[in-house]
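Have a look at this one.
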Amino acid sequence: MTGYLLRRVLAIVPVMAVVVVFVFLLLRLTPGNPAAVIAGDTASAEQLERIRQSLGLADPLPVQFARWLGLLAQGDFGTSLISGSPVTGMIAQRIWPTLNIAILTLILSAAIAVPMGVIAAWRHRTWADYAVMSFSVLGFSIPVFVIGYALILVFSIELRWLPVQGYVAPGEDLGRFAARVVLPCLALATVFVALIARMTRTSMLEVLGEDFIRTARAKGIRESQVLFRHALRNAAVPILTIIGTGFALLIGGAVVTESVFNIPGIGRLTVDAILARDYPVIQAMTLLTSGVYVLINLLIDLTYAVVDPRIRY
């Protein structure tokens, strides 16, 4: 198993190397002049050249790349071209709303979807199974922003139970934080409940047909123990894969939800940076998102090594 883990860790190196090179070239090869973004449309050629010199864009590419790697090694993603603030500080301010919503959404999704999938597999080809599969189809088919606006219409405008938009940090006011994350979490959870429930059902159906399940039932073990202690445990690997991938998707793809509910997370930061051509922020967000995906996949592989007894080398 040690060799397996070592190979998985070493496989990260070439992946991140390709990502780093791509992100570096993103600024240099993308149409548009970063100096013009800073100076404005009325800047003269001399002003643009001075800004290029200050940004280091006039140096040879190998020199720029080496300098940029040195800054990355120190955790320095540069300075925003628009606000002039350090990019690291901007991400630190924006990442907590996204993380809070992503974690709560995933917990809510798993708590609802896994029992739904187990019941659908247990009651295969009954009304319970058809109900879960119908919900899964609807969850995949309806866009998140449509679900978000529908939730706002019902719970914020018609019933007036919850605020329409905004975000409050949990350390500032836990009650106001909870009231403002309910709707975004519900909107995002709709898609992930459908995804996790479908995968749970499929994995459980495969396991429920195995001989050890029939043996457990023949021994008189209670059905709830057969389902959740024996079958679900052996069906856990693909379910954990979907849950882990879902967390990475939530971190990198909460753009629409944060825009609908006016949440100051990294999704909105990315959109604002792209619209303003704020290249250092775009580079940092691309690296961050790629790193999250790679880290989640590594953790999933490590989980395989723990859960799946067949991995021994």
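The values are calculated or read from the model by the stated rules, or taken from the named source; none is laboratory data. In this text the structure is predicted, and so the values were computed from the model without any measurement. Cβ placement follows ideal geometry from the backbone for every residue including glycine, while neighbour counts extend to all protein chains displayed. For the accessible areas, the whole protein counts, side chains as well, though only heavy atoms, and no ligand, DNA or RNA atoms are used. Shrake-Rupley method; radii C 1.70, N 1.55, O 1.52, S 1.80 Å.
On C-alpha positions alone, give me the angle between the axis of helix 279-307 and the longest principal axis of the chain, in degrees, nearest 10.
The helix 279-307 is inclined about 30 degrees to the chain.
Cα axis of helix 45-55 to longest principal axis of the chain: angle in degrees, 0 to 90, nearest 10?
50
What are the GluC sites (Glu not before Pro) within the range 136-235 that DSSP puts in a loop, where the Cβ has at most 15 other Cβ atoms within 10 Å?
E172, E210
Using a 1.4 angstrom probe and counting only protein chains, how large is the accessible area of H124 in Å², to 10?
Roughly 70 Å² of H124 is accessible to a 1.4 Å probe.
Using r as the Cβ-Cβ distance of V271 and R214, and R0 as 35 Å, what FRET efficiency do you calculate, to the nearest 0.05?
With a Förster radius of 35 Å, E is 0.10.
Along the charge dipole of the chain, pointing to its positive end and built from +1/-1 on Cβ of Lys, Arg, Asp and Glu, which listed residue (F212, N297, I147) has its Cα farthest out?
Of the options given, the answer is F212.
For the charge dipole of the range 117-266, defined by +1 on Lys and Arg C-beta atoms and -1 on Asp and Glu C-beta atoms about the Cα centroid, which residue among V226, T257, V182 has the Cα displaced farthest towards the positive pole?
The residue sitting most towards the positive pole is V226.
L159 to L295: extension gain in nm, 0.36 nm per residue of separation minus the Cα-Cα distance?
In short, 44.8 nm is gained.
Taking all protein chains together and a probe of 1.4 Å, list T257, T126 from the most accessible to the least accessible.
Ranked from most to least accessible, the order is T126, T257.
I'd like to check one number: the per residue accessible area of the chain, probe 1.4 Å, reported in Å² as a whole number.
On a per-residue basis, the chain sits at 54 Å².
What's the longest piece of the chain with no exposed trypsin sites (Lys or Arg not before Pro), counting a site as exposed if DSSP puts it in a loop and it has at most 12 other beta carbons within 10 Å?
Longest site-free region, per DSSP loop and neighbour criteria: 1-124.
Something else about it: Which of rounded, prolate, oblate describes the chain, given a ≥ b ≥ c as roots of the alpha-carbon gyration tensor eigenvalues and a/c under 1.5 marking rounded, otherwise prolate only if a/b is larger than b/c?
Taking the square roots of the gyration eigenvalues as a ≥ b ≥ c, the chain is oblate.
Can you compute the charge dipole magnitude of the chain about its Cα centre, using +1 on each Lys and Arg Cβ and -1 on each Asp and Glu Cβ, nothing else charged? Give it in debye, rounded to the nearest 20.
Here the chain has a charge dipole of around 1120 debye.
Relative contact order of the chain: what whole-number percent is it, with Cα pairs under 8 angstrom and at least 6 residues apart?
28
If you don't mind, another one. Residues of the range 122-154 with the amide nitrogen closer than 18 Å to a label point 7 Å from the Cα of S224, along Cα-to-Cβ, please.
122-123
I've got another one for you. Please build a GNM for the chain, connecting alpha carbons under 10 Å apart, and tell me which residue among A276, A113, A236 fluctuates the most.
Looking only at A276, A113, A236, the largest GNM fluctuation is found for A276.
Give me the percent of accessible area attributable to carbon and sulfur for the chain, probe 1.4 angstrom.
That fraction is 66 percent.
On to the next question. At 0.36 nm per residue, and after removing the present C-alpha to C-alpha distance, how many nm does the segment from R176 to R50 gain when stretched out fully?
That pair, R176 and R50, stretches by 40.6 nm at full extension.
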